[in-house]
Amino acid sequence: MRRRHRAAAPMLVLLTLALIGVLYAAAGSATSAQASSDARGANAELIKQGQQLFAEGCSSCHGLGAQGGPEAPTLIGVGSAAVDFQVSTGRMPLAAPGAQAPQKPVIYNDEEIAALAAFVASLGPGPQIPTDEEINYQDADLAEGGELFRTNCSQCHNFTGEGGALSNGAYAPNLMNATPRQIYEAMLTGPENMPVFSNETLTPENKRAIIKYIQHMDEQPDYGGWGIGSLGPVTEGLFIWVIGIGLMIGAAVWIGARVR
Amino acid sequence: MSVMNKLGEQAEFLDDRLTVANWGKRNLRKVFPEHWTFMFGEMALYSFIIVLLSGIYLTLWFKPSMNEVVYNGTYTPLNGIEMSEAYKSTLDISFDVRGGLLMRQIHHWGAMLFIASMTIHMMRVFFTGAFRKPREINWTIGVLLLTMGFVEGFAGYSLPDDLLSGTGLRIAEGIMLSIPVVGTYISFFAFGGEFPGDEFISRLYGIHILLIPGIILGLITAHMLIVWYQKHTQYPGKGKTNDNVVGYPFMPVYMAKAGGFFFIVFGITVFLSGVATINPIWSYGPYMPDQITAGSQPDWYMGWLEGALRAMPNWETVIAGHTISWNVFIPGAIVLGVIIQLMIIYPWLEAKVTGDKREHHLLDRPRNAPTRTAIGAMSLSFYMLLLIGGGNDVIGTQFDISINAITWFIRIGIIVIPPIVFVITKRICLSLQRADREKLMHGRETGTIMRLPHGEFIEVHAPLSENEKAVILSKTDITPLPWPEKTDADGVRDPSYKKDHRWARLSHWWYTDNIAKPTAAELATAEEHIRHSAAEGAPIIAHRASLEPEGGVLHDPAAAAAEAEEGKEPVGK
Ligand code: HEM
């Protein structure tokens, strides 16, 4: 009887293994290909939805391809962060041209905003909407945030973020209603007169510190009593003349009438 | 011997040697007239005392040093931040010293009240003509007190070395630098080198707690002594003349009133300091030359200068390579200087124009000096416009107005609005005077219409009360300066003709449209008429009164008794 080759059994095992491996790999790659094509489909779906919404609500000014027009700037390359900021704060769609886009009630829901953002992001690379991790400011340094805020932001937004005037009717708004995400996006995209604070100028860590400081000021009690709007000496002066001098004159008249 | 007797002996011993009883009788019974507007000066005095006392408390903890330290304390948002010792000690006063924040707020609200009280006190003095001879000196002292208040307040505001302090000092440095030729030297001298240096806070500290409080204290003392010596002015009324003072004795009535009022002022200041924040230096952060905040403003009393700076067009001249910054120099240095000087010389200026060299102890009613009242209103509108301009950014954001629009409004308004206010105020005064004259000539309108037998309808007029008449008749008519003659009787040219002519023209302008008081004869006929009309109408008025039993005047016997008790003291010395 002809003896089988000594190596036959191990070969077989190897072959089997190889076969299983190839099959497995083929099957695996097939599932992953399936998954990625699914994602592309969903994203494309989102972008399509965004394109639709954009055509309805935004194209009248920004143009169908978001290329801009006489009324509005191009949105190619502004990134999803800009769209999320502009739409979630109610600035866009703009109601009427003016010195500055005012904040209005938001008319799109979160999903629609994501769709608009995805559409604009698909047109060209730009700053992305920050992830939850990027805006998680719990461990940020509060004091550093204060320092950075006073150096970079208070000249326009006031020392407590109450807002301030810029030239020709423009203004830096009150920051107390902005969410951490919106604050982050504002810094990334620099809406209107606000400068862009890219990740090179202010690192994500710096940004989180600033967010923490802004949130803290919102929650901080007025240590000295009523803050009179936290607007500084102007309201203090008004207060002393109306309330202070008012009370004093009242007392003087009362004493004057009391003497006889 | 009882204790009382012993005390009496001691008192007699002292009195025999120092004759204090006589002095006391003379001075403690001194009569002061009564009116609520006479209490503004007291308000200023009491708030100064409050500021003084709270300031002493602050000195116990405040460290006037610009040494850099790292904060690690109660106010966590500043932990680990470098700051000056001055700022750190102010944080400590606010957060760690018992009652410290309250004291800081009392000190600062008190300072604002001090200057605000001086301001309304000065307005009262101006609009009633209380600054006229012989009180010009006291007016001057008052202006100096106000100026010192500005400087003292600014120095205090700069002490905590927070972001607003430093910003204010930066502006002060800019104003120093804008002075042509010597500006840079002055700035280097003041700051001991380049701004901000490390000396300025300790220098300011000496000025703030010693030098200027000392000057203010001295000026206040002089101010009070002069008031005491010259006696207080009074409003016109029945029995009040230029030669007497009608009112109550200092002891006990005024002592009680003044003491009570001090506690009221104190109470109001502490109340405000308890409920309202002022100068939250922890929010501003320490001063860093590279930081700035929107809403950087000085305290209100410097706000008008800030407004002048903000409204000024950006004018500069370059002469031989040196820039003269009119844009800072004019609003920062010239406006303040010129206005303070105008205020100081005003009493003499007015006397020169009116030619009025008499002493005045009876106050003017503002309507009876229409030109002065109009000048005052005009100045106030000027001041208010600058003050609004100083807050242009806050007003812009709060009322949604463009900051540029506000600035242009101020630039044009500062030239256009004050003259309009002048004209309107003068017209209002003159028509009030006309109404007064009408009352003198025809009596008070009773609102009762009567039909005469021949069918005519007339309104019944009642005679004025003695008091009303005295008030209206207190108006003093003065003839303007005479037009000078070009040559005298001998035909010699008068060398000062041109100058005199100019003053005379000013004087005639001052009195334009004066509504003369009725002469004695006119008044007598008028009174006859009024009596006649009142007598004619008496039955009707009586009839009406009987129809309206609920009407009528409540008679208050206590008030009548008090009136009879009023002291009257002659002015003569
Ligand atoms: C009428 C006179 C005065 C005015 C108008 C005035 C005004 C001011 C102001 C506006 C501040 C800033 C307060 C703040 O932190 O918000 C201040 C600080 C200060 N003042 Fe005065 N002050 C006067 C008299 C005095 C006197 C007489 C003293 C001491 C004897 C004094 C001691 C201080 C100290 C130590 C500070 C720094 C502490 C701090 O800022 O909390 N002041 N002053």
Over chain B, what is the mean sequence separation of C-alpha contacts under 8 Å (at least six apart), divided by residue count, expressed as relative contact order in percent? 17
Would you mind checking the pairs B:357/B:486; B:133/B:231; B:30/B:238; B:352/B:469 and listing those with alpha carbons more than 22 angstrom apart? B:357/B:486; B:352/B:469
Footprinting exposure proxy for B:43, B:66, B:83, A:176 (fewest neighbouring C-beta atoms within 10 Å first): A:176, B:66, B:83, B:43
Relative to the Cα centre, what is the charge dipole magnitude of the range B:175-248, using +1 at the beta carbon of each Lys and Arg, -1 at the beta carbon of each Asp and Glu, and rounding to the nearest 20 debye? 600
For residue B:444, residues with placed amide H under 5 Å, excluding near neighbours: B:462, B:464
Per-residue HN-Hα couplings for the range A:164-175 [Karplus 6.51, -1.76, 1.60; θ = phi - 60°; Hz; x = Gly/Pro]: x, 8, 10, 6, 6, x, 7, 8, 9, x, 4, 9
In terms of the alpha carbon gyration tensor, root eigenvalues a ≥ b ≥ c, rounded if a/c is under 1.5 and otherwise prolate when a/b exceeds b/c or oblate, the range A:130-233 is oblate
Which angle between 0 and 90 degrees, to the nearest 10, do you get for helix B:255-275 versus the longest principal axis of chain B when only C-alpha atoms count? 40
Rounded, prolate or oblate for the protein assembly as shown? Axes are the square roots of the Cα gyration tensor eigenvalues, ordered a ≥ b ≥ c, and the cut-off for rounded is a/c under 1.5. prolate
Rel. contact order, % - alpha carbon contacts under 8 angstrom, at least six apart, the range A:29-128: 35
Whole-Hz Karplus couplings 3J(HN,Hα) for the range B:336-342, θ = phi - 60° and coefficients 6.51, -1.76, 1.60, Gly and Pro as x, run 4, x, 5, 5, 4, 5, 4
Size of the dipole of the range B:4-158 about the Cα centre, Lys and Arg at +1 and Asp and Glu at -1 on the beta carbon, nothing else charged, in debye to 20? 680
Along the range B:346-352, what does the Karplus equation 6.51 cos²θ - 1.76 cosθ + 1.60 (θ = phi - 60°) give for ³J(HN,Hα), rounded to whole Hz, x for Gly and Pro? 3, x, 6, 4, 5, 4, 5
Sequence-distant or interchain residues sharing an amide H contact under 5 Å with residue A:129, placed H: which? A:80, A:81
Helix B:3-18: angle to the longest alpha-carbon principal axis of chain B, degrees 0 to 90, nearest 10? 90
Among rounded, prolate and oblate, which fits the range B:33-326 when a ≥ b ≥ c are the square roots of the eigenvalues of its C-alpha gyration tensor, a/c under 1.5 means rounded, and a/b larger than b/c means prolate? oblate
Degrees, to the nearest 10: B:136-158 long Cα axis against longest axis of chain B: 30
Show me the trypsin sites (Lys or Arg not before Pro) within the range B:474-552 that DSSP assigns to loop and that have at most 13 other Cβ atoms within 10 Å of their Cβ. B:486
Qualifying chymotrypsin sites (Phe, Trp or Tyr not before Pro) in the range B:370-444, DSSP loop, other Cβ atoms within 10 Å at most 10: none
Extension gain residue B:445-residue B:16, at 0.36 nm per residue separation less the Cα-Cα distance, in nm? 148.3 nm
Computed magnitude of the charge dipole of the protein assembly as shown (debye, nearest 20; Cβ of K, R +1, Cβ of D, E -1): 1240
By how many nm would the segment from residue B:198 to residue B:500 lengthen if fully extended, with 0.36 nm per residue of separation less the alpha-carbon distance? 103.1 nm
Any GluC sites (Glu not before Pro) in the range B:166-213 that lie in a DSSP loop and have at most 15 other Cβ atoms within 10 Å would be B:194, B:199
Would you grab the residues whose amide H sits under 5 Å from the one on residue B:240? Only those 5+ places off in sequence or on another chain, please, with H modelled 1.01 Å from N. none
Mark the label point 7 Å from the Cα of residue B:541 along Cα→Cβ and return the residues of the range B:445-483 whose backbone N is within less than 14 Å of it. B:445-450, B:459-466
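Computed from the coordinates by the stated procedures, all read-outs in this text should not be read as laboratory data. Because the structure is predicted, anything quoted here is derived from the model rather than measured. Quick reminder, even Gly has a Cβ in these numbers, built from the backbone with ideal geometry, and neighbours come from all protein chains shown.
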